[in-house]
Amino acid sequence: MTRGHQLVDQWGRPVKRAELKRELAAPTVGGVRSPITGYPGDGLTPDRLAIILREADQGDPIRYLELAETIEERDLHYAGVLGTRKRSVSQIEITVQEGGESQHDLDMAKMVRDWLDRDELSDETFDILDAMGKGYSFTEIVWDTSSLQWQPVRLEYRDPRWFRFQRHDLATPMMLDDSGQEIALPAYKFIYARIKAKSGLALRSGLARLATWNWMFKAYTQRDWAIFTQTYGQPIRVGKYGPGADQKDQDTLFRAVANIGGDCAAIIPDSMMIEFIEAKSIGSSTDHYERRSDWLDKQMSKAVLGQTATTDAETGGLGSGKEHREVQQDIEAADCKALAAILNRDLVRPWIDLEFGPQVAYPRIVIKRQEPEDLKAFSDAIGPMIDRGLRVATSDVLDKFGLPEAAQGAEILRPQGQSAPSAQPQAPGEGAMPPESAVKYPLNTRPAPARGVAALQTEAPSAGRSEPFAPAVDRLAKEAAPEIEAMLEQIEVMLQSAGSLEEAREMLLSAWPDLASDGLAAVMAEAFLAAHAGGRALIEEDGQRADG
């Protein structure tokens with residue numbers, strides 16, 4: 001690969017390798033990248049919120065980003081549903097697909113796969129997914145070349161307040177240098193993530209943009225609710241003074257009435273009195289605070305998770321819990337694809353380019369939740385197919401069930417009623433298999449009875465023969481019997497599975513090349529050689545007798 005080739009990023013910016021070896025966006029104390037944040041949510045009003053959003057629309061997102069951070073800290077429901085959405089993606093196992101089948105493609109994929117096997121990866125992807133709330137996020141790649149190879153050491157989350165967008169399009173990301181000037185984002189140095197809640201500019205596509213108004217209205221409701229709760233249950237205190245009380249007496253009485261709620265004690269002249277008036281039937285008027293807060297929480301759940309069943313318990317809601325869960329799974333799958341595309345574009349491809357140079361095909365990160373497979377349905381389907389001659393490797397079935405290959409000498413599980421094979425081999429027809437009634441065959445197959453040479457041996461023992469080749473025939477029957485039995489068992493299975501003679505014929509023709517006939521062929525070859533030699537010996541013997 002050509003390492004001297006000029007590399008450029010997705011915006012056509014050339015890669016400067018010297019910049020990649022140092023941190024460019026680390027926080028600075030007293031500098032433009034200060035970690036200290038403001039709190040624009042304090043005393044937020046509709047007018048102030050509108051101004052904050054307009055500032056972000058014009059390319060000044062600082063107060064909007066600080067407000068988005070404030071909402072996550074103060075609204076427990078929003079923090080919960082947003083955290084659920086981010087964690088549902090960050091904890092999914094990441095796999096790597098090779099870009100091709102060559103050894104070089106396999107090596108590149110293995111390099112990426114080994115690096116992804118890190119405990120910090122889940123936290124790093126969680127930080128990248130901060131783009132869900134704010135609309136975008138920036139993560140700096142800290143590269144290491146100490147071993148003369150390019151490798152990302154870690155992924156550092158950077159505060160989005162330290163970045164901007166070009167003013168002519170509000171789409172091309174920029175960063176602030178040490179003097180606060182907007183400069184081009186260095187190529188191959190940052191992971192720029194965008195996960196959209198709606199189409200449009202990054203500054204207007206985050207979930208926080210949707211949550212700001214909802215949070216402000218909920219804050220008003222909670223404030224009124226808190227004021228009401230603080231005074232609810234306490235009687236209304238009414239102070240009474242006589243006609244001769246002057247202003248000083250009235251002020252004394254008012255202070256007593258005002259303080260008695262918290263102090264529960266007061267001193268007033270004899271000519272004055274305080275009356276406590278209990279409020280009646282006031283409890284029914286408190287429900288609207290809770291109902292309004294719950295309604296706003298449900299709107300937040302719909303915006304973040306697309307449904308309410310997994311966060312807001314209710315009876316008889318529209319749609320079943322299964323349907324609501326499917327909606328959440330659809331959103332999760334979309335987030336997984338978006339995150340994988342971001343990592344492939346801003347991490348995997350730059351890494352491969354720096355290490356090996358530009359490639360025709362690159363390894364790809366895939367983030368996808370593995371759905372559990374119905375192994376019972378697989379077993380029910382594969383059994384009849386094996387009966388009909390389908391060739392299935394044992395290793396594939398073991399992998400499907402997550403089982404390892406049995407070790408040499410390990411105890412093997414067998415069908416109920418079937419005993420383990422004897423240590424000493426037994427001759428065919430002499431108890432090598434248990435009684436047929438004691439064996440259960442899961443594929444509804446039963447072995448055929450002894451046939452062929454073995455059957456002839458049983459029916460016609462060589463003891464009563466007078467033919468000269470009787471010993472050779474007996475030996476052939478004994479040695480060929482296991483091979484013939486193996487072939488007959490395969491044929492028997494196919495005949496039992498066939499629904500007609502035509503189907504049986506097609507199965508035999510298709511399976512014939514794969515029948516285990518090598519052993520039988522070897523035995524027959526030896527038998528033919530022995531018969532040929534024996535025949536020549538008989539001929540020579542008869543010739544000698546004739547000459548004599």
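All of the numbers you see were taken from the coordinates with simple rules; none came from a lab. Nothing here was measured: the structure is a model prediction, and the numbers come from that model. Cβ coordinates were reconstructed from backbone atoms using ideal geometry, including for glycine residues, and neighbour counts include every protein chain displayed.
Sequence neighbours fewer than 8 away in the same chain don't count; with that in mind, list the aspartates and glutamates whose C-alpha is under 18 Å from K248.
Qualifying aspartates and glutamates at Cα under 18 Å: D270.
Using modelled amide H (1.01 Å from N, peptide plane; none on Pro or chain starts), what sits under 5 Å from the amide H of R388, excluding residues fewer than 5 places away?
Here nothing satisfies the definition.
Scaled to the compact-protein estimate 2.2 N^0.38 Å, what is the alpha-carbon radius of gyration of region 112-260, rounded to two decimal places?
Working: Rg = 28.6 Å, N = 149, 2.2 N^0.38 = 14.7 Å.
After normalising by residue count via 2.2 N^0.38 Å, the value is 1.94.
A406: net charge of surrounding residues, Cβ under 15 Å, Lys/Arg +1, Asp/Glu -1, itself excluded?
Numbers: positive: R414; negative: D399, E405, E411.
Around A406, the charge tally is -2.
Straight-line reach from K337: which aspartates and glutamates have a Cα under 19 Å away, not including same-chain ones fewer than 8 places off?
Filter leaves E93, E98, D123, E124, D127, D130, E326, D346, E371.
What list of ³J(HN,Hα) values in whole Hz, one per residue of region 25-39 in order, does the Karplus curve 6.51 cos²θ - 1.76 cosθ + 1.60 (θ = phi - 60°) give from phi, with Gly and Pro shown as x?
Result, ordered by residue: 10, 6, x, 10, 7, x, x, 6, 9, 7, x, 6, 10, x, 10 Hz.
Need the list of lysines near K189 for cross-linking: C-alpha distance under 20 angstrom, and skip anything on the same chain fewer than eight residues off.
Of all the lysines, those that pass the test against K189 - Cα under 20 Å, at least 8 places apart if same chain - are K16, K21.
If you average the C-alpha positions of region 1-80 and of region 99-176 separately, how far apart do those two centres end up, in angstrom?
For region 1-80 versus region 99-176, the Cα centre distance is 16 Å.
Give a residue-ordered list of calculated ³J(HN,Hα) values for region 63-76 (Karplus: 6.51 cos²θ - 1.76 cosθ + 1.60, θ = phi - 60°; whole Hz; x for Gly, Pro).
5, 5, 5, 5, 5, 4, 5, 5, 4, 5, 7, 9, 9, 5
Tell me the Rg and the Dmax, in Å, that the Cα atoms of region 71-152 produce.
In order Rg, Dmax, the Cα atoms of region 71-152 give 16.7, 53 Å.
Where does each of 95-104, 154-163 land if you order them by average Cβ count within 10 Å, highest first?
Details: 95-104: 13.9, 154-163: 19.6.
The most tightly packed comes first, giving 154-163, 95-104.
Just order 130-141, 14-25 by mean Cβ neighbour count inside 10 Å, highest at the front, would you?
Details: 130-141: 24.4, 14-25: 13.8.
So the peptides 130-141, 14-25, ranked by packing, come out 130-141, 14-25.
Using the Kirkwood radius built from alpha carbon pairs, what does the Stokes-Einstein equation give as D for region 1-145 at 37 °C and 0.692 mPa s, in µm² per second? Present the calculation step by step, with values, prior to reporting the outcome.
Details: Rh = 19.2 Å.
Estimated via Stokes-Einstein, D reaches 171 µm²/s.
Collect residues whose amide H, placed 1.01 Å from N in the peptide plane, falls under 5 Å from the amide H of T172; neighbours closer than 5 in sequence don't count.
Amide H to amide H, under 5 Å and 5 or more residues apart or across chains, T172 pairs with Q166.
Residue farthest toward the positive end of the dipole of region 10-97, with Cβ of Lys/Arg at +1 and Asp/Glu at -1: which of T70, S88, Q10?
Result: Q10.
Would you please put 250-256, 385-391 in order of how densely packed they are, using the mean number of other Cβ atoms within 10 angstrom per residue and starting with the highest?
Working: 250-256: 15.3, 385-391: 13.1.
Descending packing order for the listed peptides: 250-256, 385-391.
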